[in-house]
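Undergrad: Have a look at the structure that comes next, please.
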Amino acid sequence: MSPSLVQRVRHGEYLRGTFLNLGSALVAEVCALSGFDWLLVDLEHGAGGEEGLADQLLAGAAHGVSVIARTESAERIRVGHLLDLGVEGVMFPRLETPEEVRAALAHLWYPPRGDRGIAGYNRARRFGGDGLTGDEVNEGILAVVQVESVTALENLDEIAALDGVDALFIGPADLSAALGVAGQLEHPVFQDALDKVVAAATRNDVAAGIFVGDPTQVPTYRNRGFRFLSVGSDSSLLRGAALEALHLD
């Protein structure tokens, strides 16, 4: 059996994915067929909602590509529903303190480790047929915490050291804005923040991740120590390809 996404992250693999912003199962399938290691359904900023998540999960599963989701909030009921539908992990936006992260992580796991509601008849549990224990289910869930604020930067080591955190993931637009250099990704202040995230991730044996809007910059970020990278999004990749095509004549 091939290793799961969470196993690959914990083993230190270099993994590239993309955000699914368009809410389309067909687009998800195109991305799955393109060679990405993982796909993320963006429920915070994307065009689709939970009602379209199952079809995108099926599109990934059909081609052996892991699908996770970014939740719009860290509410217990929202996180639990995503997990019951079958996502392999959850990305949490806008968490800033160890206390906030600890509370959000608890929603990923069945008791006694966490407070996820127990139901064995859903898609995630093969409708009652997966034969897994609660502990086995808990261990198979990827937890990604975004770093998008000055407060989060100040708490990096405490957050990264929490049991269950698998990756620290930079949202460049929000973090650069929080640092007072909105959109200036080459600014020394933002570049220093990148180094801090990679260093904290390395010290605590978790992955450093980042959203890379310009695909040509992926090797640069890899060389800096990032190993969980989003290569843009479905919409940005489509727009980029369209603009390139229009400039060919």
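Undergrad: Per-residue HN-Hα couplings for the range 87-94, Karplus 6.51 cos²θ - 1.76 cosθ + 1.60 at θ = phi - 60°, whole Hz, x for Gly and Pro?
TA: Calculated HN-Hα couplings, in order: 5, 8, x, 10, 9, 9, x, 6 Hz.
Undergrad: To continue, here is another question. Considering amide H positions built from the backbone, and no H for Pro or chain starts, which residues 5 or more places from residue 211, or on another chain, come under 5 Å of its amide H?
TA: When sequence neighbours closer than 5 places are left aside, the close amide H contacts are 170, 230.
Undergrad: Using a Förster distance of 51 angstrom, determine the FRET efficiency expected from the C-beta separation of residue 195 and residue 127, and round it to 0.05.
TA: The value I calculate is 0.65.
Undergrad: Just grab the label-to-label distance for residue 203 and residue 182, each label 7 Å out from Cα along the Cβ direction, in nm (one decimal).
TA: For residue 203 paired with residue 182, the spin-label model returns 3.1 nm.
Undergrad: Provide the net charge surrounding residue 65, with neighbours chosen by a C-beta distance below 11 Å and charges set as Lys +1, Arg +1, Asp -1, Glu -1.
TA: Combined, the nearby Lys, Arg, Asp and Glu give -3.
Undergrad: OK, next. Would you order 147, 231 from fewest to most other beta-carbon atoms within 10 Å of each residue's own beta-carbon?
TA: 231, 147
Undergrad: Quick query: amide H of residue 107 versus all other amide H atoms, modeled in the peptide plane; which residues come in under 5 Å with a sequence gap of 5 or more or a different chain?
TA: 115
Undergrad: Would you be so kind as to identify which of 141, 240, 153 lies farthest towards the positive end of the dipole of the chain, taking Lys and Arg as +1 and Asp and Glu as -1 on Cβ and the Cα centre as origin?
TA: So the residue furthest toward the plus end is 141.
Undergrad: What list of ³J(HN,Hα) couplings, whole Hz, do you get for the range 22-31 from phi and the Karplus terms 6.51, -1.76, 1.60, once you set θ to phi - 60° and write x for glycine and proline?
TA: 8, x, 10, 5, 5, 5, 4, 5, 4, 5
Undergrad: Also, I was wondering about something else. Rounded, prolate or oblate for the range 1-72? Axes are the square roots of the Cα gyration tensor eigenvalues, ordered a ≥ b ≥ c, and the cut-off for rounded is a/c under 1.5.
TA: prolate
Undergrad: Still on this structure, please answer the following. Could you pull out every residue, at least 5 positions away or on a different chain, whose amide H is within less than 5 Å of the one on residue 89? Hs are placed 1.01 Å off N in the peptide plane, and Pro or chain starts have none.
TA: 69, 142
Undergrad: Taking the Cα centre of the range 171-235 as the origin and placing charges on Cβ (Lys, Arg +1; Asp, Glu -1), which of 172, 217, 198 is farthest toward the positive end of the dipole?
TA: 198
Undergrad: Divide by every residue of the chain the summed helix terms, -39500 (n - 2.57) for each DSSP H run of at least 4, and state the resulting mean residue ellipticity at 222 nm, rounded to the nearest 500 deg cm²/dmol.
TA: Rounded to the nearest 500, it is -11500 deg cm²/dmol.
Undergrad: Let me spell out the model: positive unit charges on the Cβ of Lys and Arg, negative unit charges on the Cβ of Asp and Glu, origin at the Cα centre of the chain. What dipole size does that give, in debye rounded to 20?
TA: Computed about the Cα centre, the dipole is about 420 debye.
Undergrad: Ok, one more. Springs between alpha-carbon pairs under 10 angstrom, Gaussian network model over the chain: which of 18, 71, 202 fluctuates most?
TA: Taking springs between Cα atoms under 10 Å, the residue moving most is 202.
Undergrad: Could you please rank 149, 4, placing first whichever residue has the fewest other Cβ atoms within 10 Å of its Cβ?
TA: 4, 149
Computed from the coordinates by the stated procedures, all read-outs in this text should not be read as laboratory data. Predicted model, so just to flag it, every value in this text is computed and none were measured. Please note: Cβ atoms are built from the backbone with ideal geometry, for glycine as well, and neighbour counts cover all protein chains shown.
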